[in-house]
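Right, one structure below, let's go through it.
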Amino acid sequence: MKLSMRHPFSCTPEAYWKSYWDPGFDAELQRVSGIQREVLSEEQEGALRVRRQRFTSNIVLPAAVSSVLGTSKVQYEQKSQIDDAKMTIRWEVVPPVLPDKIKASGVMRVEATPDGCVQILEGDVTCAIFMVGSKVESAVADTLAKAQDGTAALRRKWLAQQAS
């Protein structure tokens with residue numbers, strides 16, 4: 001399943017990128033979203049920062065999905081290659097169960113627009129499990145879309161507060 005999300009912001013790309021890494025925003029996001037993030041490692045490899053994180057969500061999965069995954073809550077690791085100069089993150093999700101059957105990866109980037117900037121997230125989610133693969137893909141895509149919409153709204157509020 002293809003992912004494609006765009007969220008506009010009325011700030012410069014640089015202001016957006018700075019807010020993305022702001023510890024205060026991250027703490028607020030974790031509090032509001034119910035998704036806890038733990039940085040497992042971060043290393044510099046040339047021009048890229050390579051980061052591994054674990055995400056644990058309070059979101060309860062649909063019964064059909066949770067029976068396949070063996071858990072009712074979403075938990076996963078994410079590997080990211082961060083290019084600060086290009087304001088781009090290439091990401092790959094590593095699920096704790098069935099990593100050979102469930103794949104999610106993509107890119108998030110920030111681009112300038114006449115009114116500020118836009119965050120663009122594009123990727124793919126695939127689940128190669130007979131009978132429930134498309135349900136898992138839809139659940140992951142829907143969860144990600146809702147999370148991104150909520151994060152964008154919170155970021156707009158945060159940026160407005162920082163500007164005043």
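So is L3 surrounded by 14 or more Cβ atoms within 10 Å (Cβ to Cβ) and on the phi > 0 side of the Ramachandran plot or not? No: the conditions fail for L3.
For V132, the test of being in contact with a helix residue (DSSP H, G or I) (Cβ under 7 Å, 6 or more places away or on another chain) and at pLDDT below 90 is passed.
The one condition from (1) in contact with a helix residue (DSSP H, G or I) (Cβ under 8 Å, 6 or more places away or on another chain); (2) free of Cβ contacts under 8 Å to residues at least 24 places away in the same chain that K86 does not meet is (1).
Yes or no: the stretch 13-33 includes at least one residue that is at pLDDT below 85 and part of a helix (DSSP H, G or I).
Filtering the stretch 13-33 down to residues at pLDDT below 85 leaves none.
No: zero hits.
When residues in the stretch 128-142 are screened for being surrounded by fewer than 18 Cβ atoms within 10 Å (Cβ to Cβ), of a type outside the set (D, E, K, R) and assigned to a helix (DSSP H, G or I), 3 of them pass.
The values are calculated or read from the model by the stated rules, or taken from the named source; none is laboratory data. Because the structure is a prediction, the values reported are computed rather than measured. All Cβ positions, glycine included, derive from the backbone under ideal geometry; neighbour counts span all protein chains shown.
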